[in-house]
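The values are calculated or read from the model by the stated rules, or taken from the named source; none is laboratory data. Model, not experiment: these values are computed from the prediction. Glycine gets a Cβ as well: all are built from the backbone with ideal geometry, and neighbour counts include every protein chain shown. To get the accessible areas, we keep the full protein, side chains included, count just its heavy atoms, and leave off ligands, DNA and RNA. Shrake-Rupley method; radii C 1.70, N 1.55, O 1.52, S 1.80 Å.
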Amino acid sequence: MSSENNSNTVTEEPLHCPGPESEDAGTGDACNSCNYQQTCSSNNNLPKVEDPDIQLIKDNLSNIKNKILVLSGKGGVGKSTFSTLLAFLLSSDPDLNIGLLDLDITGPSIPKMIGTMSDTSNAQLHMTSNGLIPNYVQDNLATISIQYLLPNIDDAIIWKSAKKETMIKKFLKDTLWSDLDFLIIDTPPGTSDEHILINKLLNKTQSVTGAILITTPQEVSLNDVRKEINFCQKVGIKIMGLVENMAGFVCKNCNRKTDIFKATTGGGESLCKEFNIPYWGKVPLDPRLGVCCDQGESFVDLYPESEATLCLVDIVENLMDQCEL
Amino acid sequence: MSFNNDKFKSINNTKNILLVLSGKGGVGKSSVTTQLALSLSSINNNKVGVLDIDLTGPSIPRFFDLENEKIFQSSNGWLPIEKPILNKTNTLKVISLGFLLNDSKNDSVVWKGPKRQAMIRQFIDDVYWGDDPLDYLIIDTPPGTTDEHIAIIENLRVLENIKNINIKAVIVTTPQRISINDVKKQINFCDIVELDILGVIENMSGFKCPYCDDCTDIFSKGGGENLCKELNLPFLGFLPIDPKFVELIEQQHDIVAENNSDLVSEYLKLGISKDFHKIIEEGNLK
């Protein structure tokens with residue numbers, strides 16, 4: 001690749017460049033092949049300049065008591081559904097103020113699920129001189145999502161990582177959340193830019209309270225969740241608990257239960273034992289839940305007696321035990 | 001960076017490339033990729049390759065029971081893992097990042113965008129798919145419309161033989177509206193990058209209770225079909241949830257060993273392979 005560049009003055013940084021502002025500048029393995037190694041390593045004595053956004057984010061989030069990440073290595077296991085249900089359940093206590101931040105830039109589902117968006121039109125965010133005003137579902141439940149900023153409902157966001165980072169930073173530093181008891185952060189699948197960034201930012205400001213992991217029972221999903229646990233341990237996020245979603249389906253005709261996504265390797269429970277993580281229980285598949293999400297209605301309010309709701313109430317109690325109020 | 005830049009890339013010989021896309025996660029992209037590979041390799045003795053570009057959550061090794069395999073390098077490039085099928089009369093070739101990790105079960109890949117893009121470029125440039133051209137290369141993608149998607153499109157665009165390769169997108173969705181919303185964004189993406197769409201598959205469309213045969217639409221039904229009518233796209237068909245297929249994938253090692261057969265032969269015994277065959281016909285795949 002370097003042969004393509006005839007000029008000696010312009011060479012690309014090596015693939016694993018630690019970046020001139022990092023602790024390893026000039027001393028990393030990749031630096032040996034880089035023309036700027038000397039420049040970077042001589043800079044090492046200079047004071048490091050912190051990202052100016054960090055202070056802004058710190059100030060903006062200082063009034064939030066608990067920041068909770070909802071994570072899963074796998075897509076479609078119910079992160080957004082769970083985040084929505086959790087937000088609805090917590091906000092049923094009128095004394096609590098809840099914020100819900102949708103970090104899924106390329107596939108935002110929160111606005112639809114929580115009912116701030118109809119089929120044809122988007123709710124919009126308002127920008128004031130002080131910052132972004134989130135969209136309120138109820139008096140004590142506010143949401144932010146990229147979806148609110150799109151002119152057309154079906155517009156795709158095709159952004160590379162740098163641009164996504166700018167957007168996420170904007171959400172963190174410019175949103176006027178007021179005083180929150182809980183900020184629930186819904187994430188996209190995987191262990192990618194969004195995750196690295198949010199963790200870096202929140203770690204340097206005030207670390208997140210913890211993460212809730214979501215999985216489905218089959219091994220294909222557990223496999224990805226193991227990677228997510230590995231990620232959390234690498235970057236130092238506390239795992240508060242693991243929820244097993246879509247566990248079992250009861251046929252409404254014959255009332256017999258089938259494990260659609262069969263736990264051939266012991267499911268979430270044995271995964272929790274393996275990694276020593278609190279197991280928070282199973283939420284069964286309920287077709288009514290999907291309908292509620294499609295229509296933006298609160299499942300926990302409509303079906304308070306359903307098995308899924310009862311499971312969720314238990315989960316919220318577990319969560320409360322680990323949070324400060 | 002790539003060591004065989006001057007050589008003719010073996011991917012240039014490929015006849016058809018199918019990109020399996022969906023804006024939403026967990027709708028069954030990897031499952032559809034697997035079934036496409038199994039079905040296509042069972043007809044006309046097709047040579048089929050599978051490329052998994054889901055870097056942070058590679059599931060393809062698990063789907064093909066290749067979790068402990070490692071990629072080797074030859075003088076021609078990286079060698080895909082070959083899986084013998086149909087009583088060893090054919091082979092499937094598989095490439096995934098999972099094969100490059102030390103501990104593919106637990107290790108996480110925490111990479112920023114540029115590094116992921118470089119990895120995909122290596123997958124396109126450096127994999128040696130064999131002397132015989134592939135009839136089909138099926139590419140499994142991560143959810144969303146981000147670095148990996150931009151990178152794969154950019155890299156496919158510069159193939160030398162591009163005019164002779166038939167590159168199409170297969171869109172996978174589940175029936176509920178939440179999923180349709182994300183999928184519309186993916187279709188919007190295809191329009192922007194001028195990628196032809198072969199059609200839409202509606203996955204997880206209904207679940208047949210194994211006890212009483214009553215069919216429940218767990219995630220509702222018809223969303224994908226309506227989407228196709230609305231946007232004037234070809235609809236390839238419905239795929240129900242089949243616990244037997246999930247079981248075959250999860251326990252294939254034991255099932256295959258017990259019957260002394262292989263993955264494709266076992267797959268062809270399942271009811272879902274017939275549903276899938278309709279999709280193959282509808283999509284005019286040979």
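Return the residues of the range B:221-252 that are outside any helix (DSSP H, G or I), surrounded by 19 or more Cβ atoms within 10 Å (Cβ to Cβ) and hydrophobic (A, V, I, L, M, F, W, C); say none if nothing qualifies. If the condition is that a residue be outside any helix (DSSP H, G or I), surrounded by 19 or more Cβ atoms within 10 Å (Cβ to Cβ) and hydrophobic (A, V, I, L, M, F, W, C), then B:Leu236, B:Phe238, B:Leu239, B:Ile241 are the ones that fit. The set of residues in the range A:172-203 being open to solvent by less than 20 Å² (accessible area, probe 1.4 Å) and small (Gly, Ala, Ser) consists of A:Gly190, A:Ser192. Applying the criterion of being open to solvent by less than 10 Å² (accessible area, probe 1.4 Å), touching a Lys or Arg at 6+ places or on another chain (Cβ under 9 Å) and aliphatic (A, V, I, L, M) to the residues of the range A:215-246, the residue that is farthest from the other protein chains (Cβ to nearest Cβ) is A:Val243. Restricting attention to the range A:296-322 and to residues that are in a loop (DSSP other than H, G, I, E, B) and open to solvent by 20 Å² or more (accessible area, probe 1.4 Å), the residue that is nearest to A:Leu89 (Cα to Cα) turns out to be A:Pro304. Consider the range A:204-214 and keep the residues that are away from chain B (no Cβ under 14 Å) and of a type outside the set (Val, Ile, Thr). The one that is surrounded by the most Cβ atoms within 10 Å (Cβ to Cβ) is A:Gly210. Have a look at B:Ile138, B:Ile120, B:Ile162, B:Ile150 and point out the one that is free of Cβ contacts under 8 Å to residues at least 12 places away in the same chain and either farther than 21 Å from B:Lys47 by Cβ or more than 10 Å from every other protein chain (Cβ to nearest Cβ) (or both). After ruling out the rest, the residue left standing is B:Ile162. For the range B:160-177, filtered to residues that are surrounded by fewer than 22 Cβ atoms within 10 Å (Cβ to Cβ) and of a type in the set (Val, Ile, Thr), the residue that is nearest to the chain's Cα centre (by Cα) is B:Ile167.
All of B:Gly144, B:Gly98, B:Gly199, B:Gly113 fail the test of being open to solvent by less than 10 Å² (accessible area, probe 1.4 Å), more than 14 Å from every other protein chain (Cβ to nearest Cβ) and of a type outside the set (S, T, N, Q), apart from B:Gly199. Answer with yes or no whether A:Ser178 is among the small types (Gly, Ala, Ser) and at the interface with chain B (Cβ under 9 Å from one of its Cβ atoms). No. Listed conditions (1) without any contact (Cβ under 8 Å) to a residue 60 or more places away in the chain; (2) closer than 18 Å to A:Ala87 by Cα; (3) open to solvent by less than 20 Å² (accessible area, probe 1.4 Å) are all met by A:Ile157, apart from (2). Is there a residue being open to solvent by 20 Å² or more (accessible area, probe 1.4 Å), touching a residue at least 24 places away in the same chain (Cβ under 8 Å) and over 21 Å from B:Arg177 (Cα atoms) anywhere in the range A:288-295? Checked against the condition, which is being open to solvent by 20 Å² or more (accessible area, probe 1.4 Å), touching a residue at least 24 places away in the same chain (Cβ under 8 Å) and over 21 Å from B:Arg177 (Cα atoms), the range A:288-295 yields no hits at all.
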